[in-house]
Amino acid sequence: MAKPVVFVIGASGNVGAATVTALSAKYADKVEIRAGVRNPEAADKLKGLNGVTLVAAEMGGDREKLVTTLRGVDALFIVTPGTKDRAELAISTAEAARDAGVKFLLVVSVLTADLTNTVFGAQFTKLERAVAQLGVTHSFLRLPLFVENYWGFKDTIKGHSAFYSPVDPDKPFTPVVVSDAGNAAAAILSNPIAHANQTYNLVSNRHTFKDVAASFSEALGREVKYVHVPYEAAKQSLLQMGYQDWQVDGIFELDKLVDSGSHVTNQEDLTHYTKITGEKPTELKSWIASVKAAFQ
């Protein structure tokens, strides 16, 4: 009997690659895994993974070609891209999947999808509504800020034992570790019937930036300080790093939700990851321990 075909489009990004890696490690005996990327020859981190076939596939590319590529696929994971037109790209991909006869769609969304007055919320409200109207069984994986964003603090922690942010250091929030997102997506794709028409708010742990400073201090054996900076200074820094205005506006909306103590960025229910995978999510200290050598 042929194995169900699972396809991840956007597989070269962080969440996509983590999902393909988890599928390969845990479910290669159960499903046929296809990783959709723009250029299979350049997808070095996916090459050689057990049971994974690299496939040329692009959101927003040739529609009929994508329909052809997706024929015979049972479950498709749409890893929504980071571009300003991401809702349109993901919707077009979902429509192509419907036309190709794909049976199940898993779509990356965000925790603010219900906040239509925010930059990211407006994008993902549009996406979720469109997917829900396609008549295809689906689930949404709503993701928060990533713990991996702390890689942006590496140089200042190494050089000055400090990191900088405009967020209130005492306000808790609930981010996710990328590998946890990949593990959860892989579990859903391996058994989509069990997750039909569900919306998951996937978070790994709850902490404050004061906790981040304390955890880095403990791991590195020296004091690491959190420096609270004005939003305008933080905006200029992000723009100089290459972020676009709309991205900075969206990020700061999330940051200000943290400042306000919003339940959207500080989720009450931390159990969705365990419900999906049967495992415990990654703790902040565990993540920092796994990367501390780079911050020494």
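The values are calculated or read from the model by the stated rules, or taken from the named source; none is laboratory data. Computed from a predicted model, the values in this text were never measured in an experiment. Backbone-built Cβ (ideal geometry, glycine too); neighbour counts: all protein chains shown. Only protein heavy atoms, including side chains, enter the accessible area calculation; ligands, DNA and RNA are left aside. Shrake-Rupley method; radii C 1.70, N 1.55, O 1.52, S 1.80 Å.
Inspection of segment 172-188 finds a residue satisfying the criterion of being more than 19 Å from GLY16 (Cβ to Cβ), surrounded by fewer than 22 Cβ atoms within 10 Å (Cβ to Cβ) and modelled with pLDDT of 95 or more. When THR83, THR118 are screened for being free of Cβ contacts under 8 Å to residues at least 60 places away in the same chain and either touching a Phe, Trp or Tyr at 6+ places or on another chain (Cβ under 6 Å) or of a type in the set (Val, Ile, Thr) (or both), only THR83 passes.
Would you check if THR137 is open to solvent by 60 Å² or more (accessible area, probe 1.4 Å) and out of contact with any His (no Cβ under 7 Å at 6 or more places or on another chain)?
When the stated conditions are applied, THR137 does not pass them.
For segment 205-227, which residues satisfy the criterion of being within 26 Å of the chain's Cα centre (by Cα) and surrounded by fewer than 15 Cβ atoms within 10 Å (Cβ to Cβ)?
Of all residues in segment 205-227, those within 26 Å of the chain's Cα centre (by Cα) come to 205-216, 219, 226.
Across segment 205-227, the qualifying residue is only LYS210.
Pick out the one residue from ALA94, ALA43, ALA90 that is closer than 20 Å to SER12 by Cβ, surrounded by 17 or more Cβ atoms within 10 Å (Cβ to Cβ) and modelled with pLDDT under 95. Don't jump to the end; show me each part of the working.
On the way: ALA94 fails: modelled with pLDDT under 95; ALA90 fails: modelled with pLDDT under 95.
Result of the check over ALA94, ALA43, ALA90: ALA43.
Quick check, is THR19 touching a Lys or Arg at 6+ places or on another chain (Cβ under 9 Å), under 18 Å from ALA185 (Cα atoms) and either without any contact (Cβ under 8 Å) to a residue 60 or more places away in the chain or crowded, with 17+ Cβ neighbours inside 10 Å (or both)? No: the conditions fail for THR19. Pairs are defined by a Cβ separation below 8 Å, a sequence spacing of at least 6 or placement on different chains, a first member in segment 158-170 that is polar (S, T, N, Q), and a second member that is open to solvent by 30 Å² or more (accessible area, probe 1.4 Å) and assigned to a loop (DSSP other than H, G, I, E, B); the pairs so defined are SER161/ARG222; SER161/GLU223; SER165/VAL229. Tallying residues that are in contact (Cβ under 8 Å) with a residue 60 or more places away in the chain, part of a loop (DSSP other than H, G, I, E, B) and more than 20 Å from the chain's Cα centre (by Cα) within segment 228-261 yields 3. Annotation note: of GLY48, GLY10, the sole residue that is open to solvent by 20 Å² or more (accessible area, probe 1.4 Å), within 25 Å of GLU148 (Cβ to Cβ), at pLDDT below 95 and not charged (D, E, K, R) is GLY48.
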